[in-house]
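See below for the structure under consideration.
Any read-out appearing in this document is the output of simple, stated calculations on the displayed coordinates, not a laboratory observation. Here the structure is a predicted model, which means the values were calculated and not measured. Cβ coordinates were reconstructed from backbone atoms using ideal geometry, including for glycine residues, and neighbour counts include every protein chain displayed.
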Amino acid sequence: MLQIDGLYPLGVAALAAFLRLKVPRRRNSVRITAEVVEGGTTQRPFRYRTDDVAELTVRPLRVRLHQEWRSSPYYAVHVRLRPGAPLTGHHAQTAVGPDGWIPLWVIGTTPEVHPALAQALSQCVPGRWRPPAQ
């Protein structure tokens, strides 16, 4: 007689392994240099020249659900472009908030920025990085 209890964990493990191989992973990345701000996922990339960046800061992340903007419990590095700068990738259709801020990278549930990241941002976009209010 076959014992079902012993096969259940094995079946769950096999299903998890199968899904891990078949479901594509989305990795979100951001790269900010003196020349460009780029990143996103392979399906939703973005790229802006740093000359087009008006401001860069950490703000609460807002998401658009059914054409309505709502608050989320997360914070993200956001960029606001200078007037007339072209939007790229999926930002051209979806990600720009009503106030013009574009979320680039979610950093967590608090607005705290690692000192090394803050220093790198201030060097890449001098005068345009505004640390979050503490």
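What the table below lists for this structure:
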| item | result |
| --- | --- |
| Sorted peptide list for 50-60, 106-116, 29-39, criterion being average Cβ within 10 angstrom, highest first | 50-60, 29-39, 106-116 |
| Where labels lie 7 Å past Cα in the beta-carbon direction, separation of T33 and E55 in nm | 2.8 |
